[in-house]
1. Among the residues in the stretch 68-87, are any in contact (Cβ under 8 Å) with a residue 24 or more places away in the chain, of a type in the set (D, E) and closer than 16 Å to R132 by Cβ?
2. For residues that are part of a strand (DSSP E or B) and touching a Leu at 6+ places or on another chain (Cβ under 7 Å), scanning just the stretch 79-113, find the one that is surrounded by the fewest Cβ atoms within 10 Å (Cβ to Cβ).
3. Check E64, E75 and return the single one that is modelled with pLDDT under 95 and farther than 22 Å from L158 by Cβ.
4. Among the residues of the stretch 119-130 satisfying the criterion of being of a type outside the set (A, V, I, L, M) and in contact with a strand residue (DSSP E or B) (Cβ under 6 Å, 6 or more places away or on another chain), which is surrounded by the fewest Cβ atoms within 10 Å (Cβ to Cβ)?
5. Give the residue that is nearest to M70 (Cα to Cα), with candidates limited to residues of the stretch 123-143 that are more than 19 Å from the chain's Cα centre (by Cα) and charged (D, E, K, R).
6. Would a scan of the stretch 7-25 turn up a residue that is assigned to a loop (DSSP other than H, G, I, E, B) and surrounded by 14 or more Cβ atoms within 10 Å (Cβ to Cβ)?
7. Within the group L116, L62, L146, L151, which residue is surrounded by fewer than 20 Cβ atoms within 10 Å (Cβ to Cβ), part of a strand (DSSP E or B) and under 14 Å from the mean Cα position of the chain (by Cα)?
8. Filter the stretch 164-174 for residues that are in contact (Cβ under 8 Å) with a residue 60 or more places away in the chain and surrounded by 12 or more Cβ atoms within 10 Å (Cβ to Cβ); which is nearest to L28 (Cα to Cα)?
Amino acid sequence: MTQMQEAVDTVRTRTYSWPDPHAIAAALGRRSGVEMIQALERGELPAPPIMHTLDLDKLEYLGEGRCAFMMRAQEFHYNPLGTVHGGVIATLLDSAAGCAVHSTLPAGWGYTTLDLTTKYLRPATVASGRMRCEGSVIHRGRTTALAEARLFDERGRLLAYASSSCLLFEMPTG
């Protein structure tokens, strides 16, 4: 068997779908951040496409300024080194920190990430199991918020940490 044939025989496929993201966008500005997060958690609003792309399996509201995401490390997250790609981990950290900030906003307000500083402490692999990423707000002002997120493996070991600054803004009306 040639190397080419071996490569073809080991190919894996993944197919997924996602709901129209406009349903979430239509709710922005009409509900407070905590109402949005809780509606997503309960399944009243469809999960955003990125949750389907990365196969994030759960969003938890932990109280104002605190949220968590869960995701099982899988092969399709891997980089050439055989570990979960740093961009996947950064997305998970950014999502948890951002949703923590979002949970503090009144109706009519939005946010965007200004920066994300990420520290990778140990590799994540399929052996990491179901990972938990917890985000919390450190400080929220009128125009910016500072949040942090921590990613843990299934055994509770810290895999990565991030701090994030977010810009807060009034949502356009109309």
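1. No, every residue in the stretch 68-87 fails to be in contact (Cβ under 8 Å) with a residue 24 or more places away in the chain, of a type in the set (D, E) and closer than 16 Å to R132 by Cβ.
2. Within the stretch 79-113, the first condition is being part of a strand (DSSP E or B), and the residues that meet it are 84, 109-113.
Applying the additional criterion that residues be touching a Leu at 6+ places or on another chain (Cβ under 7 Å) yields 109-112.
Values: W109: 16, G110: 16, Y111: 21, T112: 10.
Going through the qualifying residues, I end up with T112.
3. Working: E75 fails: modelled with pLDDT under 95.
On inspection, the qualifying residue turns out to be E64.
4. Here is the first cut: in the stretch 119-130, the ones of a type outside the set (A, V, I, L, M) are 119-120, 122-123, 125, 128-130.
Next, only the ones that are in contact with a strand residue (DSSP E or B) (Cβ under 6 Å, 6 or more places away or on another chain) stay: 119-120, 122, 130.
Numbers: K119: 10, Y120: 17, R122: 13, R130: 13.
Looking at residues that are of a type outside the set (A, V, I, L, M) and in contact with a strand residue (DSSP E or B) (Cβ under 6 Å, 6 or more places away or on another chain), I get K119.
5. R140
6. Here is the first cut: in the stretch 7-25, the residues assigned to a loop (DSSP other than H, G, I, E, B) are 10-21.
So of that shortlist, the ones also surrounded by 14 or more Cβ atoms within 10 Å (Cβ to Cβ) come out as none.
Taking every residue of the stretch 7-25 in turn, none turns out to be assigned to a loop (DSSP other than H, G, I, E, B) and surrounded by 14 or more Cβ atoms within 10 Å (Cβ to Cβ).
7. After ruling out the rest, the residue left standing is L116.
8. M171
The values are calculated or read from the model by the stated rules, or taken from the named source; none is laboratory data. The structure presented is a predicted model; accordingly, all values stated were derived computationally and were not measured. Please note: Cβ atoms are built from the backbone with ideal geometry, for glycine as well, and neighbour counts cover all protein chains shown.
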